[in-house]
1. Answer with yes or no whether B:Ile159 is of a type in the set (Val, Ile, Thr), within 14 Å of another protein chain (Cβ to nearest Cβ) and in contact (Cβ under 8 Å) with a residue 12 or more places away in the chain.
2. Being open to solvent by less than 10 Å² (accessible area, probe 1.4 Å), more than 7 Å from chain A (Cβ to nearest Cβ) and more than 28 Å from B:Ala292 (Cα to Cα) narrows it down to one of B:Phe233, B:Phe256, so name that one.
3. If B:Ala80 satisfies every condition in (1) aliphatic (A, V, I, L, M); (2) under 28 Å from A:Pro115 (Cβ atoms); (3) more than 12 Å from every other protein chain (Cβ to nearest Cβ); (4) free of Cβ contacts under 8 Å to residues at least 40 places away in the same chain but one, which is the exception?
4. Residues in the range A:324-331: is at least one part of a strand (DSSP E or B), among the aromatic types (Phe, Trp, Tyr), within 22 Å of A:Pro37 (Cβ to Cβ) and open to solvent by less than 40 Å² (accessible area, probe 1.4 Å)?
5. Can you name the residue in the range B:105-139 that is within 17 Å of A:Asp106 (Cα to Cα), crowded, with 24+ Cβ neighbours inside 10 Å and small (Gly, Ala, Ser) and is also farthest from the other protein chains (Cβ to nearest Cβ) among such residues?
6. Please count how many residues of the range B:259-302 are without any contact (Cβ under 8 Å) to a residue 24 or more places away in the chain and over 21 Å from the mean Cα position of the chain (by Cα).
7. Of A:Ile309, A:Ile274, A:Ile294, A:Ile243, which residue is open to solvent by 10 Å² or more (accessible area, probe 1.4 Å) and touching a helix residue (DSSP H, G or I) at 6+ places or on another chain (Cβ under 6 Å)?
8. Please state which one of A:Leu20, A:Leu44 is among the hydrophobic types (A, V, I, L, M, F, W, C) and open to solvent by 10 Å² or more (accessible area, probe 1.4 Å).
Protein chains: 2
Amino acid sequence: MKYRFADRMFSVPESFIGELFRVSNLPGIISFAGGLPDASLIDLDGIARAAREVLEEEGRAALQYSTTDGHLPLREFIAARYRRRLGIQVDPDEIQIVNGSQQCLDLTAKIFLNPGDVVGMERPGYLGAIEAFSLYQPEICTVPLIEGGPDPAAFASLIRERAPKFFYGIPNSQNPSGATYSDERRREIAEILDGSGTVFYEDDAFGDLFFDGRPRPPVKRYLPDGTMLSGSFSKIVAPGMRIGWICAPEPVLRQFNVAKGAADLHSNLLCQMILHRYLSTADLDAHVRRVAGIYGERCRLMCDLIDDIFPPGVGRTSPEGGMFMMLFLPDGVGSMAVFREGVRQGVAVLPDAPFHADGGGGNAVRLNFSNADTTSIREGMERLARVVRSLL
Amino acid sequence: MKYRFADRMFSVPESFIGELFRVSNLPGIISFAGGLPDASLIDLDGIARAAREVLEEEGRAALQYSTTDGHLPLREFIAARYRRRLGIQVDPDEIQIVNGSQQCLDLTAKIFLNPGDVVGMERPGYLGAIEAFSLYQPEICTVPLIEGGPDPAAFASLIRERAPKFFYGIPNSQNPSGATYSDERRREIAEILDGSGTVFYEDDAFGDLFFDGRPRPPVKRYLPDGTMLSGSFSKIVAPGMRIGWICAPEPVLRQFNVAKGAADLHSNLLCQMILHRYLSTADLDAHVRRVAGIYGERCRLMCDLIDDIFPPGVGRTSPEGGMFMMLFLPDGVGSMAVFREGVRQGVAVLPDAPFHADGGGGNAVRLNFSNADTTSIREGMERLARVVRSLL
C-alpha cells in the first residue's frame, strides 16, 4: 500500500542521532554523546515510599481520568517554589502540567505556528526543539550565542525585521553549549522583546543545576506577559515519570490547554501524584544541591583535562551548571571525523551540526558530563585527546 | 500583549463540553454525561503490588529516560494477546506505546493531514477524535452509522469520490452510540478500502468489554496493511496511567515514531513497567470479564428502564458492550432542552450535536452506564423520564 503522509513529515531534518546513539552504546565505548542524568543519584527510596503512600491512601483517584491542566497540588508546589526561589509571582492556574518539557516544545509550536512562520532560536540550539518545531514547517532563524548570551545586535534585528512568533532560548546552562546568559543580557533581550509581539519561550530545564547553587533571574521576571517559562522534573527528580510544566500568561495557557487536551487528554496522574507526594516530604533543595555538586565536579574534571591533555587549538565552553559543554576542534578537524574515529577508539561524542537549525557547524562536539563517573571521564577524555591528535 | 496564534487554533469547534461537565458534577446531580470507567473496579491491590516490585527491583531503570517506541516487554504482551485473542499476527515492532489512545488521534492526524485534506469518520462520531483532528484543519466527512455499521453505500462513495487520507471508526461498542459493526460489514468496508489508498484507523478502546465476552474480528484481520489499530489500557486496567498503543504497518509506524519522539520523547516508563509487571501476574481476561459483566448489568437495566418508563417516541441503541448508549428523543424534544431541564431536575446527559463533525444532530443524548451503580441508574432514569415527559 502507498501511504499518503502529510507534507510536514518531509520537513523533519534527516536524523542520524538515532544511529549515533546506537553506536555510542556499543560495548566498550565510553559515551559522552547522550543526555541522561545520572540514575544512581535518583532518590529511589523517597520515590518508592511516595508511590506506596499514594497507592495506599488515594490509589483509585490516582488511577482514574483527571483534568487536562494537571494535579492542582503539584501546580501549587511549582508556583510556590517559583515565588520562593526566583521571586516571581505565579498563580497555579498559570501552570499546565505536560509530559516532560519536550511536550511544551510541540504544543507551543502547535498553538503559534502556521507553515512559513518565523521562529527564532539560539545557534547552536537544542536539537529536540529543532525536531519538534520542524513538524510545523516554520522558517527557523538563529542568533549566535556569544559571551553573555545571544548576540544582542543580531537578536534585535531578527525581532525587528522578521517578527518571529516566538524566540526559543535556554538561558541557564544551555543544551548543547552549556552557556548561561548574563543577568544584563536577560534584561536586554526582555527590553528588545517588550512590545514587539514576539513571545520569549524560556526553557529552564537546568536552572536548578547551577554548581554554585545560586538561582539566576528568569527572563520572565523582566517580561512577565511576554514569556512562557517551561520547567521539568526530569533533571531534578527523575525523567522516567515524564512530568514537566509550562508557566504562561492566561491567554496563551488557554490555547495551550486546548492543544494539550486534544493531544492526550492529560498527563499521567499516578506519576503526578507520586511526584507531589515525594516533593511534600523530600528536601528537594538539598537533593538538587547534592546532584549539582557532583555534576560540577565532573564538569571541572572534564574542563581540566581539556586544558591539560588536549592539543593546542582546542577550545571549550565553561559551564556554570547543567549537563553539557562544548568542545571546539582545531582548524581542519571535523566533528564527524572525530565522531567516527572516536567510536573506533572507544569514546563517543555528539557532532554539533544537528544543533544548527539553519545550517553550519561542523567544528565542535557536545560532551555530556552528568552520566559518567570520574574514572570514565579520565579514560574517555584521554581517548578523545588521542583521537583529536590523530586527526591533526 | 497581543498574541499571534496559529490559524489552526481557530478551527477547533467551540466546545461547551467543559461547561457541561462542570454542571454535571454539581452536588445532587446523577450524571450519565461523563465517560469514566468505574474506579471501584480497578484492581488496586494488584497494581500497588506491581508498583512496589518494579520500584524495588528495577526502580532506577524505570525512572530513567527510555526509548520512543515504548517498553519492549509491554509491546510483546500486547502482540501476544492480539495473536491469542484476535488471531492476528502482530510483531512487537509494529506497536508503539502512547499516552492513552487519545495521543494516537493526535499523532495519526499529524502524520497524515495537510490542511484541507479529507478525513472520514462515523456520524455520530467520537468527540475526542473530532477535537484532535480539527487542529490539523481537515475537511471531516461523515458516514451515518446504520444497522451493522457505517452505511456501506455512503462509505463506498466517500472513499471513491473524496479519497480521504484515513477513515476513523470504532467498530466495537462505539462512542457515543454503543453500536458494533457486524462481522459482514467489517469485511465489506475492508473490501471497499482495499487498494483505495485510504487507511482504516480502527479505534478499539472497547473491544474487551463485550458483555458476552466474545471477541469480534478486527477490520485489521481483513486489511492488515491498510489498518492502524489503536488500543488502550484505560478501560481494562486504569486510565490514570495514560498508556495506550497503536499497531500499524511498518512504514506508518516509522512516521508515527518520528512524531511521537518530537511530541514528548516517550511515554512515562514507570507506568509502562508497572503495567507490564501487573499484566504478567494478573488474570487480565478474568478481570475484564468481571468488569464487562457489571457494565452489562447496568446497561440492561438502563435499556429496560427506557423501554418501561419512558414516553412513546423514545428510542435507544442496544449496546453489546462498552460504556455508552444513545437515547433518541421524541419529535420536537431537543437534546439541549433535555440537558438544561435535566440539570434542573438532577440528572445530566450529553447532547449529541458535538458528535456530529459536519453538523446535524440535536435529537439524541449520550448516556454513560459504566460509572453509576444500579440505584443511581434507577433514580437517574426516573428523573430523565420525567424530564422528557415534561418537554413533550
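1. yes
2. B:Phe256
3. Here B:Ala80 clears every test but (2).
4. Checked against the condition, which is being part of a strand (DSSP E or B), among the aromatic types (Phe, Trp, Tyr), within 22 Å of A:Pro37 (Cβ to Cβ) and open to solvent by less than 40 Å² (accessible area, probe 1.4 Å), the range A:324-331 yields at least one hit.
5. B:Ala109
6. 3
7. A:Ile309
8. A:Leu44
The values are calculated or read from the model by the stated rules, or taken from the named source; none is laboratory data. This is a predicted model, so every value here is computed, not measured. Here the Cβ is made from the backbone with ideal geometry for all residues, glycine too, and neighbour counts use every protein chain on show. For accessibility, only protein heavy atoms count, side chains too; no ligands or nucleic acids. Shrake-Rupley method; radii C 1.70, N 1.55, O 1.52, S 1.80 Å.
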